[in-house]
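Heads up, the thing below is written out as C-alpha cells.
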C-alpha cells in the first residue's frame, strides 16, 4: 500500500524532490516526467513518459495511473496554469495557481505587489520602451544598475551592470535584440543593493507558512563571484551570516506579508515561495520571488529536512500546514557543488562519459543529484550544461565544504568545470567567530562605523529642517553653537532639562512603531523647562542600542526632529551609541537634553504671588503621555490583550497604536500666555501625576483642590484603572488622567488666560483652586476621580470575561444543561479541567459532559472520564480507509448520544471540512498561544524563537481554516528568562485549565454564539 507521486521536471531540483519523497513511508512510487539518468533504478523512483504541456492528456494519464499527487518543479508549467487544471480535475497538485505564480512570472507584478504590502525591496521602475529605460538609468537618483527581464527567462534574465553604459546595453539586448524573447518586452530597472545575498524559502498552504533554513546560492560561473550568471554553481545551508534576529525579520516583514498579501488579493498561495534577499545595512530587502524550489538551493535544503516531505506537501495542498509543520536537522550543514560542462552557460558538448559516481555515493557517503545526464550504451553521459551536484553534510560548515569539494574532484568527465569556493563566505564567517587569534576590529566586536555614517546621511536633512533664529542646525561637528543675541534676548537666564521616555520604549519596540517616540522624548524635556517660563532654544538627543538598525534609528530621530519643530527649537546635535552586550539586539534607549532661555522678568513659578483662591487651569493631555508605562504594560499583560489587538477605546486603531500616541508639546502653544505676565505658575504633569507635580510650583502653605468632573478624561485611563484594578489614589499619583499641564492664575485674569490658551489650539478648562494646606492631608485633593474614571471605562465584553473568574451559582437556563462531548487522544488534562468545572456545585455550570470519545484505546483521558462516571467510546481511526469515513462515524456516535456541543481536548486528528461544517458554531478547541500569533504546531518553540515576552492560550471556534475561528477567551502567560519549551508548556497548560472552562460556560449559559458570518454574537450582556 502507498501513494504514487508524479514529479514534473527533469533537473537537479526535481531529482532532489523525487529522492526526498521516496523516503516517505506513505509513498509507494515516485515517477519523474520527463525522466533522466539520475532517477533510473533508484528503488521507488522511476521515469514516466508524459509531458506537462498538454493538460488534458496529463489529467487523463494521472487518473489512469492513480496518481495521488503531482509535484511541479519548474516555474513555466506553473505560470501556464498546470496547478489550476489539475486541481479542477480533483488531482492534488503541489504548486501555486497561475495567478500565484505571477509573483515570479512577472517582475513588474512582483515589485508592485511588494510596494502595495510594504515589503522591503529595492527602488525600481518598469519600462516598455528601451529609450525611456536608458533615460531613467542615466538620471535616476539611485544606482539604477540592475536590469531584469520582467518575464520568465530560465533564471538568467537579470543583469547586474557595473556602469550606466552596461545597464543601457543590457536594456537594448533584452528589448531590442530580444535576448530573452517575450520575457524582455517589459524590463524592470532596479537600484543596486549592497550586502550579502541569501535565499529563504517557505512552504505555504495559502494561510500559514513554514520557513526553511536560509541558504546561499552562487550564481556566477567563476570563483570570486566573477563571470556570467548561471542557473547556480552551488549552494550551502544553513547560511551562518543570517542571525536569528535577521531571520525573524525576514519571516515577519517578508514571508508573512507575502502570504497574507496574496491571500488578500484573491491569490491564495500554495506550494513553495522563494525569497531572494539582500542583507543591507537597512535590513533585509527582497531581490526577487520565485514560485518554486530554487536550484541548487533545493539540493542543500531538503537533505536537512528531518520530517516527511510528503506529509508537509499534503498539508499544504489541504490547507492544514499548521498541523504538519516541517522539522529540520538543527545540527547539520549541507554544501552542494555543481559540476558543469565546459563552455556553459554558452555552447557546450554533450555525450561525455561520467565516472566516479559510485564511489562518491558508496564510499564517501555523499549525495549525487543529476540534472543534465543521460544513459548511452549503458553508461552515464552528460546531456546538459549543469550536469550534476555533489552534496556533502557535516556538523560544521567548513567540514561539509571540504567533503563536497573532495566529492566533486572525484567526478570525472571531459571539460568538467566547478567552483572551488562554494560556501567560502560562510566558512570565513564561521572562522572569524571562532578564531581567538585573529586581530580584533571595532566592527568585529559588533559596532558598525559604516552604519553610523549611513545614519548621519539619512538624518541630515531632517536635522537641518529644525534650524531657527540663533542656530543653524547642522550635525557633524564636535558641538553646537547657539547665538542668544540673535534670538532676541536682552537679559536672559538659561534653563536646562533632561529626561527620557521610560518603558514606553518597550511598547514601541514590541509594536515595531518608532516614528513618534522621538516626539515623546522632546516633549518630556521641553515641557519641563517651560515650568520656568523658558522658551526652548535647542535640543540634543542620545540614542543607545546593542546593534544599530539604521531604519529604526532614522525613524526615532525623525520623531525627534518633528518634536523640535513642534517645540520651536533646533535639533543641535546628538549621540548614537552602539554597545553590543549592553542592550539586546532590537532594544534601544533614549535620553534628551533641552536648553531654553527666559528673560529675567518672565521667570516662573512666581510663588510669592500665589495665594488661596487662585484658579487652576487644566490643559488637556493627548493620553498617557510618557509616564507610568511599567504599570500600563503590566495591565496589558494581565488583561490578555496583545498590542496588535483592536483598541478597546479608539475605533480603527490597535491597542499599541493608541498607547503610542505621542506626548503633547506645550512650548509654542502656552508660551504666549506665560509671557503675558498673567500666569503665576505652570506645572508639567509628568512622573508623579497630579498629586506630585502641582505642589512643585506652589508655596509650602498652599495646596490644590481639583474637581475631576470639570475635564474630559480619555477612556484609556478608565480602561487602565478597570483592567488593573488600580486604586484611585494610585491613578492620580501615576498618571496625568487627562491633564497634561496646569496653569495657576488669579481669578481676575482667568478669562484672559483661558482665551489665550484656547486661541492657540489647546483644550483648557477651570479644574480647581489653590487652597491652604491642611496638616495630615495630601496637598492635592482630586474630587470625583473614581466616578469620572468609571464613566469613561469602555465596555469590553470579551476581555472582561477573560479576566473574570465566573461566579454563577446556578444555571441561568432554568436548570437545563447543554450536553457536551469531549474528543481526546491522550492524557486529558484539559478534559479534567472541564470535568472539575462542570461538576462543581459552587459553579452551577450550564454544561454537562455526556460523552468522551478517543481515537486511541487505553489513554489516561478515558480513565479520567470513567472515574467521573462519564460514558466513553473508542473509535480507532486506523480502522477506516479515509479521514472523512472516520469523521462520519464520530458524527453518528455524537448524534445518537444527543450531543449538542463538542470540545476538542488534545484530539490529535485533523477534522475534515465536512465534519466541521456539520458542527459549525458547536465545536471549540484550545490553542497554546495568543492567536492570531503562532498558529499551528510547535507554538511554544515559535514563541521562544520570536523572543516575545508574553504568550498564553486561546479558546476559539473551529472552522475549516486551521486556528482561524473566532476567539472566545484568551489567557495571558509571561515568558520568563531561561524558559524552555517544557517549562513554558507547563505554564500555558495551567492557563488552558482556567480559560477552557470559562469559554465553555459562556456558550452553555447562552452568553454568546458563533454567527453565520464567523463572528461572535453576544446574547447576554450580563454574563
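The values are calculated or read from the model by the stated rules, or taken from the named source; none is laboratory data. Since the structure is predicted, the reported quantities are computational estimates derived from the model, not experimental observations. Every residue, glycine among them, receives a Cβ derived from its backbone with ideal geometry; neighbour counts consider all protein chains shown.
Can you confirm whether the range 893-901 contains a residue that is touching a residue at least 60 places away in the same chain (Cβ under 8 Å), in a loop (DSSP other than H, G, I, E, B) and on the phi > 0 side of the Ramachandran plot? Lay out the reasoning, then the answer.
Residues of the range 893-901 that are touching a residue at least 60 places away in the same chain (Cβ under 8 Å), as a first pass: 894, 897-901.
Those still in the list that are in a loop (DSSP other than H, G, I, E, B) too: 897-900.
So of that shortlist, the ones also on the phi > 0 side of the Ramachandran plot come out as 898.
Yes, the range 893-901 has at least one match.
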**Report entry** Residues located in the range 757-776, provided they are closer than 21 Å to residue 697 by Cα and in contact (Cβ under 8 Å) with a residue 24 or more places away in the chain
**Finding:** 757, 764, 765, 766, 767, 768, 769, 770, 771, 772, 773, 774
Report summary line: Conditions (1) closer than 25 Å to residue 500 by Cα; (2) surrounded by fewer than 23 Cβ atoms within 10 Å (Cβ to Cβ) -> residue 675 fails only (1)
Query - Test: residue 782 is out of contact with any helix residue (DSSP H, G or I) (no Cβ under 8 Å at 6 or more places or on another chain), surrounded by 14 or more Cβ atoms within 10 Å (Cβ to Cβ), outside any loop (DSSP other than H, G, I, E, B) and at pLDDT 75 or above - result: no
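When you check residue 841 against the structure, is it over 15 Å from residue 819 (Cβ atoms) and in contact with a strand residue (DSSP E or B) (Cβ under 8 Å, 6 or more places away or on another chain), yes or no? I'd like the intermediate steps shown before the answer.
On the way: over 15 Å from residue 819 (Cβ atoms): yes; in contact with a strand residue (DSSP E or B) (Cβ under 8 Å, 6 or more places away or on another chain): no.
So residue 841 fails the test.
Just to check your reading of the model, which residue among 375, 368, 301 is crowded, with 17+ Cβ neighbours inside 10 Å and touching a helix residue (DSSP H, G or I) at 6+ places or on another chain (Cβ under 6 Å)?
Values: 375 fails: crowded, with 17+ Cβ neighbours inside 10 Å; 301 fails: touching a helix residue (DSSP H, G or I) at 6+ places or on another chain (Cβ under 6 Å).
So the residue among 375, 368, 301 that is crowded, with 17+ Cβ neighbours inside 10 Å and touching a helix residue (DSSP H, G or I) at 6+ places or on another chain (Cβ under 6 Å) is 368.
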Report task. For the range 316-346, enumerate the residues that are surrounded by fewer than 24 Cβ atoms within 10 Å (Cβ to Cβ) and assigned to a helix (DSSP H, G or I). Result -> 317, 318, 323
Requested in this report: Please give the number of the condition residue 22 fails out of (1) modelled with pLDDT under 95; (2) surrounded by 24 or more Cβ atoms within 10 Å (Cβ to Cβ).
Outcome: (2)
Query - helices (runs of 4 or more DSSP H) lying entirely in the range 654-773 (those with 1 or more residues that are on the phi > 0 side of the Ramachandran plot) - result: 689-693
Query raised in the report: Of the residues that make up the range 924-939, is at least one part of a helix (DSSP H, G or I), at pLDDT below 90 and either in the same structural domain as residue 1001 (by TED's automatic domain parsing) or touching a helix residue (DSSP H, G or I) at 6+ places or on another chain (Cβ under 6 Å) (or both)?
Result: no
**Report entry** Every residue from the range 513-567 that is under 14 Å from residue 498 (Cβ atoms) and assigned to a strand (DSSP E or B)
**Finding:** 536, 538, 539, 540, 541, 542
Requested in this report: Return a yes/no flag: does the range 50-63 have any residue that is within 32 Å of the chain's Cα centre (by Cα) and either buried (at least 18 other Cβ atoms within 10 Å of the Cβ) or not in a strand (DSSP E or B) (or both).
Outcome: no
Report task. Considering every residue within the range 812-820, establish whether at least one is crowded, with 18+ Cβ neighbours inside 10 Å and at pLDDT 95 or above. Result -> yes
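Regarding residue 954, is this residue modelled with pLDDT under 90, within 27 Å of residue 1015 (Cβ to Cβ), touching a helix residue (DSSP H, G or I) at 6+ places or on another chain (Cβ under 9 Å) and not in a helix (DSSP H, G or I)?
Details: modelled with pLDDT under 90: no; within 27 Å of residue 1015 (Cβ to Cβ): yes; touching a helix residue (DSSP H, G or I) at 6+ places or on another chain (Cβ under 9 Å): yes; not in a helix (DSSP H, G or I): yes.
Considered against the rule, which asks whether it is modelled with pLDDT under 90, within 27 Å of residue 1015 (Cβ to Cβ), touching a helix residue (DSSP H, G or I) at 6+ places or on another chain (Cβ under 9 Å) and not in a helix (DSSP H, G or I), residue 954 comes out as no.
If I ask for residues that are surrounded by 18 or more Cβ atoms within 10 Å (Cβ to Cβ) and either more than 48 Å from the chain's Cα centre (by Cα) or in a helix (DSSP H, G or I) (or both), which ones from the range 611-628 would you list?
Kept after step one, since they are surrounded by 18 or more Cβ atoms within 10 Å (Cβ to Cβ), are these residues of the range 611-628: 614-621, 623-628.
Passing the criteria: 614, 615.
Here is a check on your reading of the model: is residue 198 crowded, with 23+ Cβ neighbours inside 10 Å and in the same structural domain as residue 169 (by TED's automatic domain parsing)?
No, not satisfied.
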Report task. Identify the single condition in (1) more than 29 Å from residue 432 (Cα to Cα); (2) touching a strand residue (DSSP E or B) at 6+ places or on another chain (Cβ under 6 Å) that residue 263 does not satisfy, given that it satisfies every other one. Result -> (2)
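Quick one: is residue 69 within 34 Å of the chain's Cα centre (by Cα), touching a residue at least 12 places away in the same chain (Cβ under 8 Å), over 24 Å from residue 311 (Cα atoms) and not assigned by TED's automatic domain parsing to the domain that holds residue 260? Break it down into steps so the answer makes sense when it comes.
Working: within 34 Å of the chain's Cα centre (by Cα): yes; touching a residue at least 12 places away in the same chain (Cβ under 8 Å): yes; over 24 Å from residue 311 (Cα atoms): no; not assigned by TED's automatic domain parsing to the domain that holds residue 260: yes.
No; evaluated as a whole, the condition is false for this residue.
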Report task. Please verify whether the range 680-689 includes one or more residues that are closer than 18 Å to residue 612 by Cα, surrounded by fewer than 22 Cβ atoms within 10 Å (Cβ to Cβ), in the same structural domain as residue 619 (by TED's automatic domain parsing) and in contact with a helix residue (DSSP H, G or I) (Cβ under 9 Å, 6 or more places away or on another chain). Result -> no
Query raised in the report: Do we have residue 394 as surrounded by fewer than 21 Cβ atoms within 10 Å (Cβ to Cβ) and at pLDDT 90 or above here?
Result: yes
Query raised in the report: Being in a strand (DSSP E or B), modelled with pLDDT of 95 or more, touching a strand residue (DSSP E or B) at 6+ places or on another chain (Cβ under 7 Å) and not assigned by TED's automatic domain parsing to the domain that holds residue 486, is that true of even one residue in the range 594-610?
Result: no
Requested in this report: Sort out which residues of the range 844-860 are in a loop (DSSP other than H, G, I, E, B) and either crowded, with 20+ Cβ neighbours inside 10 Å or not assigned by TED's automatic domain parsing to the domain that holds residue 906 (or both), and write them in order of number.
Outcome: 845, 846, 855
Requested in this report: Collect the residues in the range 968-997 that are at pLDDT 85 or above, surrounded by 19 or more Cβ atoms within 10 Å (Cβ to Cβ) and under 19 Å from residue 723 (Cβ atoms), keeping them in residue-number order.
Outcome: 968, 969, 970, 971, 991, 995
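Based on what the data block shows, is residue 420 at pLDDT below 75 and either assigned by TED's automatic domain parsing to the domain that holds residue 348 or over 37 Å from the mean Cα position of the chain (by Cα) (or both)?
Values: at pLDDT below 75: no; either assigned by TED's automatic domain parsing to the domain that holds residue 348 or over 37 Å from the mean Cα position of the chain (by Cα) (or both): yes.
It is false that residue 420 is at pLDDT below 75 and either assigned by TED's automatic domain parsing to the domain that holds residue 348 or over 37 Å from the mean Cα position of the chain (by Cα) (or both).
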Query raised in the report: What's the number of the condition residue 443 fails, among (1) under 30 Å from residue 553 (Cα atoms); (2) at pLDDT 70 or above?
Result: (2)
Query raised in the report: Quick check: is even one residue across the range 279-298 outside the structural domain of residue 71 (by TED's automatic domain parsing), closer than 23 Å to residue 223 by Cβ and part of a strand (DSSP E or B)?
Result: yes
